[in-house]
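**Student:** First, the structure itself, so that you have it in front of you.
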Amino acid sequence: MKARVFGAGSIGNHITNALKNIDYEIEVVDIDETALSRMKNEIYPSRYKAWDDSINLLLSPSEDIVDLEIIGTPPDTHAKILFEGLSKNRARKWLVEKPFTYPDSEHIGLLKKNLKGLEDRIFVGYNHSVTPVFLNFLQEIKYKKNITRIHCNWLENWEGIFKAHPWLDGPEDSYLGYSKRGGGSLMEHSHGLHLLLLVFKHLRLKIDKTHYCLSRDIKNNYDKYVNIAFELESTSENITASYTTDVLTKDISKKIVLEADDEIFSVEFGAKNGSCDIFKNFSYKEDIEKVYHKNRPDDFKYEIALLNDSLNGWKNENISNLSYTWGLEVSDLCSKILNDK
């Protein structure tokens with residue numbers, strides 16, 4: 001199998017490593033020669049012990065047709081690279097890193113129109129949605145009734161993010177510090193919003209209205225805190241549903257909680273300094289805790305495994321969690337909030 005990875009930054013390194021672990025031939029493309037050099041000499045060997053000389057580093061893509069093309073560049077470049085690949089039929093399938101695109105409703109509308117019918121070829125990198133802990137959570141809540149509360153936090157200070165991007169001095173050095181480019185708390189931390197929308201679908205709940213408040217940085221370039229309250233359509237229960245994200249909190253919290261009758265279900269991602277994910281179920285009968293040990297590279301192996309299975313013709317319904325349509329739905333919701341429409 002062959003893959004092409006656009007972007008030699010943090011995500012590009014993680015994806016490349018995940019692909020090498022299942023013996024893909026890989027070319028990494030980045031228009032910045034410094035980024036390619038940094039990948040080879042700093043990022044990759046520091047994370048995965050040694051550089052792999054079989055990885056082909058390029059300033060522009062080769063003419064090869066590959067099985068999988070991954071787009072791990074800034075969000076406001078995703079669409080251009082994707083459509084270039086589609087026009088040349090450069091790959092069998094595509095994985096576009098989150099957020100799928102930048103928050104502009106007209107642009108998102110065009111993507112919805114032009115990508116229709118490509119659900120089995122284009123996917124989005126919301127990798128937390130296919131981890132064992134979250135899939136277990138969905139199974140546990142599947143038939144629950146009388147739900148009273150659903151909440152998700154995705155809270156992480158810029159400090160944690162820039163540990164993975166030490167070549168940047170701060171948010172303004174990249175798209176991360178600009179909401180209109182797909183940065184800021186809401187879009188950079190949109191993993192949590194995606195998980196919440198999946199839970200709504202799983203429980204057959206539809207969003208009727210959203211209420212939100214947000215605060216921006218002093219230059220008004222990006223949102224640093226967002227809280228969303230959801231009104232859910234056609235539910236007989238009185239459910240409180242909400243989402244909170246920021247780039248301020250130093251004690252990282254990435255968690256989703258569901259309360260139903262006398263039970264509480266929760267998932268905590270990256271617990272204990274990132275060494276595990278934890279599922280909990282508290283009830284009057286018993287308390288259950290399942291710990292899923294992991295490291296950071298493990299976060300990427302499940303999505304890559306699903307895509308590899310799909311390329312080999314093996315069906316797994318969990319890949320639907322990575323459908324590009326979710327990427328557009330999340331970006332569309334972010335656009336409405338950030339642009340107040």
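**Student:** Taking the stated definitions as given, is residue 197 touching an Asp or Glu at 6+ places or on another chain (Cβ under 6 Å) and closer than 20 Å to residue 103 by Cα?
**Tutor:** no
**Student:** Next question, about the same structure. If I ask for residues that are surrounded by 15 or more Cβ atoms within 10 Å (Cβ to Cβ) and either polar (S, T, N, Q) or assigned to a helix (DSSP H, G or I) (or both), which ones from segment 161-171 would you list?
**Tutor:** Residues satisfying the conditions are 161, 162, 171.
**Student:** Which is within 21 Å of the chain's Cα centre (by Cα), surrounded by 18 or more Cβ atoms within 10 Å (Cβ to Cβ) and under 19 Å from residue 78 (Cβ atoms), of 155, 197, 186?
**Tutor:** Step by step, each of 155, 197, 186 is checked, and only 186 is within 21 Å of the chain's Cα centre (by Cα), surrounded by 18 or more Cβ atoms within 10 Å (Cβ to Cβ) and under 19 Å from residue 78 (Cβ atoms).
**Student:** Look at segment 200-218 and say how many of its residues are part of a loop (DSSP other than H, G, I, E, B) and either buried (at least 19 other Cβ atoms within 10 Å of the Cβ) or on the phi < 0 side of the Ramachandran plot (or both).
**Tutor:** Here the count works out to 4.
**Student:** Are there any pairs with C-beta distances below 7 angstrom linking a residue in segment 286-303 that is farther than 16 Å from residue 12 by Cβ to a residue that is in a helix (DSSP H, G or I), with the two at least 6 apart or on different chains, and if so which?
**Tutor:** Hits for this filter: 290/136; 292/132; 292/133; 302/127; 302/130.
One line per residue, one yes/no per condition, for (1) under 18 Å from the mean Cα position of the chain (by Cα); (2) of a type in the set (Val, Ile, Thr); (3) over 22 Å from residue 321 (Cβ atoms):
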{"residue": "207", "(1), (2), (3)": "no, yes, no"}
{"residue": "229", "(1), (2), (3)": "no, no, yes"}
{"residue": "242", "(1), (2), (3)": "no, no, no"}
{"residue": "263", "(1), (2), (3)": "no, no, yes"}
{"residue": "296", "(1), (2), (3)": "yes, no, no"}
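**Student:** Moving on to the next point. Looking at this structure, is residue 339 at negative phi and touching a helix residue (DSSP H, G or I) at 6+ places or on another chain (Cβ under 8 Å)?
**Tutor:** yes
**Student:** Restricting to segment 136-152, name every residue that is in a helix (DSSP H, G or I) and either loosely packed, with under 14 Cβ neighbours inside 10 Å or not assigned by TED's automatic domain parsing to the domain that holds residue 196 (or both).
**Tutor:** 139, the sole residue that qualifies.
A quick yes/no check of all residues on (1) touching a His at 6+ places or on another chain (Cβ under 8 Å); (2) surrounded by 19 or more Cβ atoms within 10 Å (Cβ to Cβ); (3) outside the structural domain of residue 152 (by TED's automatic domain parsing):
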residue: 247; (1), (2), (3): yes, yes, no
residue: 250; (1), (2), (3): no, no, no
residue: 254; (1), (2), (3): yes, yes, no
residue: 257; (1), (2), (3): yes, no, no
residue: 265; (1), (2), (3): no, yes, no
residue: 286; (1), (2), (3): no, no, no
residue: 313; (1), (2), (3): no, no, yes
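**Student:** Next question, about the same structure. So, of the residues in segment 298-331 that are more than 15 Å from the chain's Cα centre (by Cα) and of a type in the set (Asp, Glu), which turns out to be nearest to residue 99 (Cα to Cα)?
**Tutor:** It comes out as 317.
**Student:** Kindly indicate whether residue 133 is in contact with a Phe, Trp or Tyr (Cβ under 6 Å, 6 or more places away or on another chain), assigned by TED's automatic domain parsing to the domain that holds residue 228 and either modelled with pLDDT of 95 or more or in a loop (DSSP other than H, G, I, E, B) (or both).
**Tutor:** yes
**Student:** Is it the case that some residue within segment 101-120 is part of a loop (DSSP other than H, G, I, E, B), in contact with a Cys (Cβ under 8 Å, 6 or more places away or on another chain) and not small (Gly, Ala, Ser)?
**Tutor:** yes
**Student:** A further question on this structure: Touching a Ser or Thr at 6+ places or on another chain (Cβ under 9 Å), farther than 23 Å from residue 188 by Cα, buried (at least 19 other Cβ atoms within 10 Å of the Cβ) and modelled with pLDDT of 95 or more - does that describe any residue in segment 219-233?
**Tutor:** Checked segment 219-233: no residue is touching a Ser or Thr at 6+ places or on another chain (Cβ under 9 Å), farther than 23 Å from residue 188 by Cα, buried (at least 19 other Cβ atoms within 10 Å of the Cβ) and modelled with pLDDT of 95 or more.
Yes or no, residue by residue, for (1) outside the structural domain of residue 22 (by TED's automatic domain parsing); (2) within 26 Å of residue 178 (Cβ to Cβ); (3) in contact (Cβ under 8 Å) with a residue 24 or more places away in the chain:
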{"site": "66", "(1), (2), (3)": "no, no, yes"}
{"site": "74", "(1), (2), (3)": "no, yes, yes"}
{"site": "80", "(1), (2), (3)": "no, yes, no"}
{"site": "115", "(1), (2), (3)": "yes, yes, yes"}
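The values are calculated or read from the model by the stated rules, or taken from the named source; none is laboratory data. Please read all numbers here as calculations on a predicted model, not as lab measurements. Cβ coordinates were reconstructed from backbone atoms using ideal geometry, including for glycine residues, and neighbour counts include every protein chain displayed.
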